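Reviewing the structure listed below.
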Amino acid sequence: MAKLDFDLPKLGPNLEIPVLQPDAMRGVGPYVAKPDHQAPLGFPGELVDDWHDVAIAKMGELLGKYRSFKVYLDSCVKCGACTDKCHYFLGTGDPKNMPVARQDLLRSVYRRHFTLAGKYFPKLVGARDLTKEVLDDWYNYFHQCSQCRRCSVFCPYGIDTAEISMAARDIMDAVGKGQKYCNEIIGKVHKIGNNLGLPEPALLDTLAGLEEDIEEETGVAVRLPVDVHGAEVMLVTPSADFFAEPHIDGLIGYAKVFHQAGISWTLSSYASEAANFGMFIGNYENMRKVSLRIRQAALDLGVKRIVFGECGHAWRVAYSFLNTLAGPFDFLDSRYPVPQHICEVTHDLIQRGALTLDPSVNDDKVVTFHDSCNVARASRMGNLPGGQFEIPRAVIRAAVNHFVDMADETIRDRTFCCGGGGGLLTDDLMELRAKGAMPRMQALQQVVEEHGVTHMAAICAICKSQFSKVLPMYGLPMHMIVSVHQLVGDAIQLGTKD
Ligand code: SF4
Ligand code: SF4
């Protein structure tokens, strides 16, 4: 591995609260969007002349629209419970990465312009003007929040820093200071249908090649169909599943599940992306526009069910917002939830005996599971509380004989972010990503040492890409990270029920 140009935190036996390093990450921010990344999303191309007034007006608009935003800004009592809960603070030591301090970057301006005390006695209530320097701090530190919501679990008032970071990014887009990585990607989805900008012929070629690979390996013709009219299921999956490792093995796993269960299914070339970065930039209109492609594709193909593949934030948008953004979905089969997660589908099939799995195929592995933030803290699966924790674990346990959980305080609703979520999975933020991964790496290292864990499974495209990068930085093998449906796909005994 190439030498890093920054120091990584050391992995100790326990997670330590770091020594404070004020402003350590102050100058660290992602590339700013260029005019041609901004325009397709409806944002000004560059910082507008009257940016201060536009920003304050936009803040006022959001305060009127989202009651939660105002409540979060008004209700912090500075109890400090959140201060050591953010992986970016733990990994960087920069006090502005404490959730309360991150919130205060925006709260101070809110107080100045939207509270009486802040207007007349700004110093007394920590109110300040929105200067260029403050805007730069907003840009950098609101792009050092992966919107993972871990801090909100520990806040006695449930203050959600992710919502504040989304609002900040929405305000910055409105004044022409957007983030290149997210906005360029959203533009590709609007134009072509997926984050990669992969056109239909390339998608068809890729999938045809994969079908050949599966048949060569298994001797069974498992299909990866596209644009099949009248299929029962339309699978919407992250485009990383079409080309990246280990994502692609997850896609093969979904295909094997549908194949063995005899469920007709299709991908859509029009809605060839589950990810919805509109959420990361906090922009309702763009999130809705991306969601509407899924509705349109389902209508055009005449499918009966919509199933989402392994993607964390996509599942949050799908589970929590899809019906509001793009519903009603009254044209789908009402016997199934709209939408469904692929883990729910596989779990249900396993319970009904519709899949034959041989977990001994995976006996070379001791597996742990990384709960992805947006699934764990912003969605659910199945009909029972906590289904989002139990269902993926039940699927893994059906596919492997050796499963071990990481430390309690680092899993389920207290899971640590991979370090690359929330629109931060870009090489221009590699230092932040690497340092922010430390708490998860520490917990993983512990089960490697104590239980011989060899693999970590995940159900999020971002987590998989992020771990592929940062595992080697911490001396762990890159191939440790696997898709949950890779384990399922390897364990399925094709031919036994076909
Ligand atoms: S939402 Fe996550 S990344 Fe953002 S401040 Fe809270 S813990 Fe940190
Ligand atoms: S835990 Fe909640 S109330 Fe306490 S300081 Fe953090 S955000 Fe404020």
> Which of the residues belonging to segment 78-100 are in a helix (DSSP H, G or I) and near ligand 2 (Cβ under 9 Å from one of its atoms)?
Replying inline: Pro99, Val100
> Restricted to segment 128-143, and to residues that are open to solvent by less than 30 Å² (accessible area, probe 1.4 Å) and more than 16 Å from ligand 2 (Cβ to nearest atom), which residue is farthest from the chain's Cα centre (by Cα)?
Replying inline: Leu130
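Within segment 174-220, take every residue that is acidic (Asp, Glu) and closer than 24 Å to Ser291 by Cβ and give me the one that is most open to solvent (accessible area, probe 1.4 Å). It would help to see each step written out before you state the result.
Let us first name the residues in segment 174-220 that are acidic (Asp, Glu), namely 184, 200, 205, 211-213, 215-217.
Now restrict to residues that are closer than 24 Å to Ser291 by Cβ: 184, 200.
Details: Glu184: 65, Glu200: 88 Å².
Among those residues, the one meeting the criterion is Glu200.
Keeping to segment 243-276, report how many residues are among the hydrophobic types (A, V, I, L, M, F, W, C) and open to solvent by 10 Å² or more (accessible area, probe 1.4 Å).
Result for segment 243-276: 7.
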> So which residues in segment 358-368 are touching a helix residue (DSSP H, G or I) at 6+ places or on another chain (Cβ under 8 Å) and open to solvent by 40 Å² or more (accessible area, probe 1.4 Å), if there are any at all?
Replying inline: Asp358, Val361
> If we keep just the residues of segment 57-94 that are surrounded by fewer than 20 Cβ atoms within 10 Å (Cβ to Cβ) and among the β-branched types (Val, Ile, Thr), which is farthest from Gly436 (Cα to Cα)?
Replying inline: Val71
>> Return the residues of segment 345-357 that are under 30 Å from Gly422 (Cβ atoms) and either without any contact (Cβ under 8 Å) to a residue 40 or more places away in the chain or in contact with a helix residue (DSSP H, G or I) (Cβ under 6 Å, 6 or more places away or on another chain) (or both); say none if nothing qualifies.
In response: Thr346, His347
>> Being of a type outside the set (Gly, Ala, Ser) and over 15 Å from Ala162 (Cβ atoms): is that true of Arg67 here?
In response: yes
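With respect to Ile171, determine if the residue is more than 16 Å from ligand 1 (Cβ to nearest atom) and open to solvent by less than 50 Å² (accessible area, probe 1.4 Å). Steps first, answer last, please.
On the way: more than 16 Å from ligand 1 (Cβ to nearest atom): yes; open to solvent by less than 50 Å² (accessible area, probe 1.4 Å): yes.
The answer is yes for Ile171.
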>> Which residue is farthest from Asn195 (Cα to Cα), if the candidates are limited to segment 226-242 and must be part of a loop (DSSP other than H, G, I, E, B) and open to solvent by less than 10 Å² (accessible area, probe 1.4 Å)?
In response: Ala231
> Looking only at segment 310-332, which residues are open to solvent by 30 Å² or more (accessible area, probe 1.4 Å) and of a type in the set (D, E, K, R)?
Replying inline: Asp330
> Assuming Ser146 fulfils every condition listed in (1) more than 16 Å from ligand 2 (Cβ to nearest atom); (2) part of a helix (DSSP H, G or I); (3) hydroxyl-bearing (Ser, Thr, Tyr) apart from one, which condition is it?
Replying inline: (2)
>> For segment 422-434, which positions are open to solvent by less than 10 Å² (accessible area, probe 1.4 Å) and within 13 Å of the chain's Cα centre (by Cα)?
In response: Gly422, Gly423, Leu424
> Would you say Val125 is within 16 Å of ligand 2 (Cβ to nearest atom), open to solvent by 40 Å² or more (accessible area, probe 1.4 Å), without any contact (Cβ under 8 Å) to a residue 40 or more places away in the chain and not assigned by TED's automatic domain parsing to the domain that holds Ser372?
Replying inline: yes
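Have a look at Ala407, Ala398, Ala394 and point out the one that is assigned by TED's automatic domain parsing to the domain that holds Ser360, open to solvent by 10 Å² or more (accessible area, probe 1.4 Å) and touching a Cys at 6+ places or on another chain (Cβ under 9 Å).
Numbers: Ala407 fails: touching a Cys at 6+ places or on another chain (Cβ under 9 Å); Ala398 fails: touching a Cys at 6+ places or on another chain (Cβ under 9 Å).
So the residue among Ala407, Ala398, Ala394 that is assigned by TED's automatic domain parsing to the domain that holds Ser360, open to solvent by 10 Å² or more (accessible area, probe 1.4 Å) and touching a Cys at 6+ places or on another chain (Cβ under 9 Å) is Ala394.
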> What are the residues in segment 62-77 that are within 24 Å of the chain's Cα centre (by Cα) and within 7 Å of ligand 2 (Cβ to nearest atom), if any?
Replying inline: none
> If you check every pair at least six apart or on different chains, which have Cβ atoms under 6 Å apart with a residue in segment 323-338 that is over 21 Å from Arg288 (Cβ atoms) and of a type in the set (D, E, K, R) first and a residue that is outside any loop (DSSP other than H, G, I, E, B) and open to solvent by less than 70 Å² (accessible area, probe 1.4 Å) second?
Replying inline: Asp333/Arg305
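The values are calculated or read from the model by the stated rules, or taken from the named source; none is laboratory data. Everything quoted here is computed from the prediction, not taken from an experiment. Methodologically, a virtual Cβ is constructed for each residue, glycine included, from the backbone with ideal geometry; neighbour enumeration extends over all protein chains shown. Please note that ligands, DNA and RNA were not included when accessible areas were found on the heavy atoms of the full protein model with its side chains. Shrake-Rupley method; radii C 1.70, N 1.55, O 1.52, S 1.80 Å.
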